[in-house]
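> The structure that follows is given in the form of structure tokens.
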Amino acid sequence: MRRKTLWLAAIVVLVLAGGGWLLTLGHEPEAAVAPPAAPACGPVTTADSTGRPLDERLLTPVRAAHDAACHRDYAALARLMDRPFGTRSPDAALAELRENDGAPLTILAQTLEVPALADQGGLTYCHPHGAIAVFARGTPDHQGKLTDFTLTGDNPMEEACYEANPR
């Protein structure tokens, strides 16, 4: 009788210890839904398209927008946008950026990694595939902000971008 009890106890221990995997036989584990991966971001270019170094005061809002895009921080990006934002409201622009699991933010970050066209009005970043980001120069009392970002065309700076940098 004692041997039967020991064998029974051993079987119970084995079933309890390994029972978890026994219960999962024939069942596929549910795939965890991962949040969209943040884009792999490079550095913001610190020189303009002619190779001249950019003033740090101009780069501050560019770096902040780049960081917000890289970390998918929509609230921070909203604070960095000028009003009016092109022909759209900042809310409409943010809604557009939220589409497609944040893919437009990847493009925004990449756009801010190319050398900018610098002129009297500020900085214009021209992505080789058509996206354009424009930062106003600002004043001593009001730092420049992201005044426009478009994925393709319909940007007042399109001609300047692609006249200087043909696709």
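The values are calculated or read from the model by the stated rules, or taken from the named source; none is laboratory data. Quantities reported herein were computed from a predicted structural model and do not represent experimental measurements. We place every Cβ from the backbone using ideal geometry, glycine too, and count neighbours over all the protein chains shown. Side chains are part of the model used for accessible areas, which takes the heavy atoms of the whole protein and leaves out ligands, DNA and RNA. Shrake-Rupley method; radii C 1.70, N 1.55, O 1.52, S 1.80 Å.
> In the range 114-134, how many are part of a loop (DSSP other than H, G, I, E, B), open to solvent by less than 10 Å² (accessible area, probe 1.4 Å) and either among the basic types (K, R) or touching a strand residue (DSSP E or B) at 6+ places or on another chain (Cβ under 8 Å) (or both)? Steps first, please.
Residues of the range 114-134 that are part of a loop (DSSP other than H, G, I, E, B), as a first pass: 114-115, 120-121, 127-131.
Add one more test, that the residue is open to solvent by less than 10 Å² (accessible area, probe 1.4 Å), and what stays is 130-131.
Add one more test, that the residue is either among the basic types (K, R) or touching a strand residue (DSSP E or B) at 6+ places or on another chain (Cβ under 8 Å) (or both), and what stays is 131.
Residues in the range 114-134 being part of a loop (DSSP other than H, G, I, E, B), open to solvent by less than 10 Å² (accessible area, probe 1.4 Å) and either among the basic types (K, R) or touching a strand residue (DSSP E or B) at 6+ places or on another chain (Cβ under 8 Å) (or both): 1 in total.
> Would you pick out the residues in the range 51-74 that are under 15 Å from the mean Cα position of the chain (by Cα) and part of a loop (DSSP other than H, G, I, E, B)?
Once the filter is applied, which keeps residues that are under 15 Å from the mean Cα position of the chain (by Cα) and part of a loop (DSSP other than H, G, I, E, B), the range 51-74 yields H71, R72, D73.
> Ok, one more. Taking R52 as the residue in question, decide whether it is open to solvent by 70 Å² or more (accessible area, probe 1.4 Å), modelled with pLDDT of 90 or more and touching a strand residue (DSSP E or B) at 6+ places or on another chain (Cβ under 8 Å).
Yes; evaluated as a whole, the condition is true for this residue.
> Further, regarding this structure: Restricting to the range 98-113, name every residue that is open to solvent by 10 Å² or more (accessible area, probe 1.4 Å), farther than 16 Å from A47 by Cα and not basic (K, R).
Listed by number, the residues that qualify are E99, N100, D101, A103, T106, I107.
> Quickly run through the range 96-136 and pick out the residues that are in contact with a Phe, Trp or Tyr (Cβ under 6 Å, 6 or more places away or on another chain), closer than 12 Å to L151 by Cα and touching a residue at least 60 places away in the same chain (Cβ under 8 Å).
A133
> Give me the residue from the range 80-94 that is surrounded by 14 or more Cβ atoms within 10 Å (Cβ to Cβ) and part of a helix (DSSP H, G or I) and, out of that set, modelled with the highest pLDDT.
The qualifying residue modelled with the highest pLDDT is L94.
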